[in-house]
Amino acid sequence: MSVERPLEITSLSKAFGPAVPVVKDFSARVQPREIVAILGHSGCGKSTVLSIIAGLQDATQGGVVIDGREISGPGLDRAMVFQSPSLLPSLTALGNVLLAVEQAYPKNTRRQCREIAQRYLDLVGIGEYATQKPRELSQGTQQRVAIARAFSMEPRFLLLDEPFGMLDSITRCELQDLLLELWTAKPRTIILVTHDVDEALFLSDRIILMTDGPEARVGTEIQVGLPRPRSRAALTELPEYFGMRNEVIEFLESHSKQFKQ
Ligand SMILES: Nc1ncnc2c1ncn2[C@@H]1O[C@H](COP(=O)(O)OP(=O)(O)OP(=O)(O)O)[C@@H](O)[C@H]1O
Ligand SMILES: [Mg+2]
């Protein structure tokens with residue numbers, strides 16, 4: 001029987017051309033079914049790290065190891081959600097999810113795939129919008145489609161790059177709750193890039209704080225370890241919540257600068 005191994009990021013460095021590397025010696029380990037937030041200042045290299053994990057970019061040095069093997073490109077084991085929903089405008093909501101489902105389950109009939117796609121739209125609460133095109137949908141609804149698309153592939157790793165960054169605060173909270181509901185129903189590894197401290201604390205098991213770039217790397221890690229299921233109201237009554245919140249903010253305000261070149 002095989003035991004699931006953590007995803008390992010091993011001394012990852014990324015340089016764009018001859019410039020000083022944006023990210024240097026970034027190392028981290030993500031356990032199966034863990035929710036890890038990567039947090040850091042704008043421009044420090046969070047998206048760069050995530051897109052290398054997704055296999056969308058190559059590392060200059062080091063890499064990402066899954067099951068003992070270094071990844072060499074994108075794979076169906078990893079699905080990504082971006083800040084903007086990035087849906088195909090010519091397809092309906094269902095069509096966008098269907099495209100992913102057909103990729104993930106090439107042996108299924110088209111009808112089976114449609115059923116799966118519809119089920120995921122229902123799951124994220126927008127089943128009735130299945131036949132609508134992205135331009136007819138609100139930003140929040142479009143992002144629900146993107147989340148349905150990612151989950152419908154049943155990926156082992158969900159890679160989220162500021163997925164709620166463009167949403168108003170109420171929709172943002174709704175989608176954070178939705179993400180936790182989906183994760184609770186079927187836990188899977190989530191790597192979430194964000195620069196929202198409360199979002200990181202609410203969602204994650206652990207926060208990886210990045211130093212500022214260039215040559216950004218892991219500055220420190222915070223084990224969140226707050227009880228689940230989580231509710232915002234209950235969390236803010238926990239003294240340790242504010243302790244961790246302050247720790248993150250202090251890091252972002254001061255500590256990160258000392259590594260700057
Ligand atoms: N394709 C590229 N070519 C050159 N430089 C790049 C490229 N992609 C990213 N960079 C640079 O690398 C650095 C890190 O960018 P990245 O997008 O990873 O940061 P980020 O932490 O995700 O920022 P944000 O929080 O604003 O999304 C930035 O200085 C950016 O200008
Ligand atoms: Mg980014």
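The values are calculated or read from the model by the stated rules, or taken from the named source; none is laboratory data. What you see is a predicted model, and the numbers here were worked out from it, not measured in a lab. Because the Cβ atoms are built from the backbone with ideal geometry, glycine has one as well, and the counts that use them run over all protein chains shown. Side chains are part of the model used for accessible areas, which takes the heavy atoms of the whole protein and leaves out ligands, DNA and RNA. Shrake-Rupley method; radii C 1.70, N 1.55, O 1.52, S 1.80 Å.
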For segment 88-154, the dipole about the Cα centre with charges only on Cβ (Lys and Arg +1, Asp and Glu -1), to the nearest 20 debye, works out at 160
Mind pulling the angle between the C-alpha long axis of helix 93-104 and the longest principal axis of the chain? Nearest 10 degrees, somewhere in 0 to 90.
70
At a Förster distance of 45 Å, what's the computed FRET efficiency of THR60 paired with LEU226, Cβ-Cβ distance as r, to 0.05?
0.80
Semi-axes of the chain from the Cα gyration tensor (sqrt of 5 times each eigenvalue, largest first, whole Å) come to 30, 22, 17
Indicate the gyration tensor shape class of segment 189-261 (rounded, prolate or oblate), computed on the Cα atoms with a ≥ b ≥ c the square roots of the eigenvalues: a/c under 1.5 is rounded; otherwise a/b larger than b/c is prolate and the rest oblate.
prolate
With the 1.4 Å probe rolled over protein heavy atoms, segment 115-245 has an accessible area per residue in Å² of 41
How large is ³J(HN,Hα) for each residue in segment 45-62, as worked out from phi by the Karplus curve 6.51 cos²θ - 1.76 cosθ + 1.60 (θ = phi - 60°), to whole Hz, x for Gly and Pro?
x, 4, 5, 4, 4, 5, 6, 6, 4, 6, x, 7, 9, 8, 7, 7, 9, x
Average accessible area per residue (Å²) across segment 1-95 - probe 1.4 Å, nucleic acids and ligands excluded
48
Share (percent) of C-alpha pair distances in segment 105-146 greater than 15 Å works out to 42
In the full protein assembly as shown, how much of LEU178 is accessible to a 1.4 Å probe, in Å² to the nearest 10?
10
For a test of the definition: using alpha carbon positions, the gyration tensor, and the 1.5 limit on a/c, classify segment 4-47 as rounded, prolate or oblate.
oblate
Over segment 1-145, with every protein chain in place, what whole percent of the accessible area is carbon and sulfur at 1.4 Å, could you tell me?
50
In debye, nearest 20, what is the charge dipole magnitude of segment 144-210 about its Cα centre with +1 on Lys and Arg Cβ and -1 on Asp and Glu Cβ, if you could check?
360
For segment 69-172, what does the alpha-carbon gyration tensor say about shape, rounded, prolate or oblate, given a ≥ b ≥ c as the root eigenvalues, a/c under 1.5 as rounded, and a/b over b/c as prolate?
oblate
Dipole of the chain (Lys/Arg Cβ +1, Asp/Glu Cβ -1, origin at the Cα centre): which of PRO85, ALA216, ALA15 lies farthest to the positive side?
PRO85
